[in-house]
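J.: Let me begin by handing over the structure; questions about it come next.
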Amino acid sequence: MPNTPAGAERTTLQKILGAFADVQPGETRAVLTAFFLLFCVLGGYFAVRPVRETVGTILGESITSDTWIWTAVFAIIIVPVYGWLVARVSRAVLMPAIYAFVAAALAATGIVMRADPQNVLVGRVFYVGISVINLLLVSVFWSFLLELFRSEQTKRLFGFIAAGGTAGALVGPFITDRIVERIGISGILFFGATLFIIAIFCQRALLAELRQEAPSADAAQAAPRGSRGLGGNPFAGVALVFKSPYLLGIATFVILISSCNTILYFEQLRLVKEMFSNPEERTQMFARIDFIVQTLTIVTQLLITGRIAKKLGVTALLTIVPVMVMIGFLTLAGSGVFLVLATVMVLRRWGEYAFIRPGREMLWSRLDTETKYKAKNFIDVPVYRFADAVVAQLQDGLKAGGMGPAQVALIGAGAAGVWAVNGWWLGRRHDKEKDKVA
């Protein structure tokens, strides 16, 4: 995008946007298009996410636990495949292709589920597919935008554009909650597919908008780099992680997140299945949980996260949530009621979006480019999903051996305690490096 004329007059829309971000004349349409693009992507995903959880209740804990193994396998496979595609295919082509594939898959699943809602095979394929593909959706979006916006523009505009994703993640489950009883689970899948189709048009409109602008020197240089990709060995991230105690610490942090999340997740499936016999009612409950989480996240991101990071550092961001989850597990062990479980689930997911995710991203800020892309991708995708699968199988085995929900909750409390210590160590190390640079 070109530089903005210093004396350009602002329109009413630009003045309104100026209350939220430093949007210059000439950038308005591109910024709004990018905002709605991310809105549609995350809105579509979070609209169908409650359906995935409902499918989990239909499959049952044992089958869902086994399905997580396949999720881990495909998550591991997709890393080199995605790396190969990024190295050879322009994201301007790859991005709409991925969204079109997701839309087609959701629509096909909706057609089958309308005819046979209890189809176990389709349910398992859908569950695995949506769990794997969601890892790429946001990554592809930001890769695309980094090719189109200059470095100076990213600092001014990306915060506002990211708010489009948060808004989509809020609106998606809200709509699902309101319409699922009328249109059913298959209708929700069609709705999600529609949002991904709209995302394709937004992406093409954004690209056309930016191509109309006179390219700056920076943009002219950025386009060839973006089309070539990073190159190199797609498996290099594995070696980087095992060579660094710091990266191993981040990997351990992710494994502990997964462990606590998995224990809570399967308890949630069990209790929701016991409480609601109707799949639409289960979907409605999961949608309401998503809506509460996203509402809390927006408020926290606007009012609290930045202040905590500025005053207390990354250490606070990485330890607040594990401590809350540990207390929640201990409470759950003594009660075992759904309200307590739902509260702990909301606290964990809200805390991950509002505190853990920003803190985790800050841990990578002072590392080199290859580490940020390759090692981070390895930890965020296969390590996370492999931990999901292993903990799910362990939990399944413990329950089969006679361990009750209270004992499982105590194990979760122990994992959360280790998670808090690990987060404290990582945060302290990051903050010390920051002080050295300062």
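The values are calculated or read from the model by the stated rules, or taken from the named source; none is laboratory data. Quick caveat: nothing in here was measured; it's all calculated off a predicted structure. Here the Cβ is made from the backbone with ideal geometry for all residues, glycine too, and neighbour counts use every protein chain on show.
J.: Could you say which residue among V391, V346, V323, V383 is under 27 Å from I130 (Cβ atoms) and more than 17 Å from the chain's Cα centre (by Cα)?
T.: Numbers: V346 fails: more than 17 Å from the chain's Cα centre (by Cα); V323 fails: under 27 Å from I130 (Cβ atoms); V383 fails: more than 17 Å from the chain's Cα centre (by Cα).
Only one candidate passes the filter, namely V391.
J.: Restricting the search to the stretch 251-290, which residues are among the charged types (D, E, K, R) and buried (at least 20 other Cβ atoms within 10 Å of the Cβ)?
T.: First, pick out the residues of the stretch 251-290 that are among the charged types (D, E, K, R): 267, 270, 273-274, 280-282, 288, 290.
E267, R282, D290, listed by residue number.
J.: Sticking with this structure for a sec: Can you tell me which of V125, V140, V132 is of a type in the set (V, I, T), over 16 Å from the mean Cα position of the chain (by Cα) and either at pLDDT 90 or above or under 19 Å from F101 (Cα atoms) (or both)? Give the steps one after another, and end with the answer.
T.: Working: V140 fails: over 16 Å from the mean Cα position of the chain (by Cα); V132 fails: over 16 Å from the mean Cα position of the chain (by Cα).
It is V125.
J.: Scan V51, V73 and give me the residue that is surrounded by 21 or more Cβ atoms within 10 Å (Cβ to Cβ), hydrophobic (A, V, I, L, M, F, W, C) and modelled with pLDDT of 85 or more. Reasoning before the result, please.
T.: Numbers: V73 fails: surrounded by 21 or more Cβ atoms within 10 Å (Cβ to Cβ).
Selected residue: V51, the only one of V51, V73 that is surrounded by 21 or more Cβ atoms within 10 Å (Cβ to Cβ), hydrophobic (A, V, I, L, M, F, W, C) and modelled with pLDDT of 85 or more.
J.: Within the stretch 224-246, can one find any residue that is modelled with pLDDT under 85, in a helix (DSSP H, G or I) and buried (at least 20 other Cβ atoms within 10 Å of the Cβ)?
T.: The answer is yes, given that some residue of the stretch 224-246 is modelled with pLDDT under 85, in a helix (DSSP H, G or I) and buried (at least 20 other Cβ atoms within 10 Å of the Cβ).
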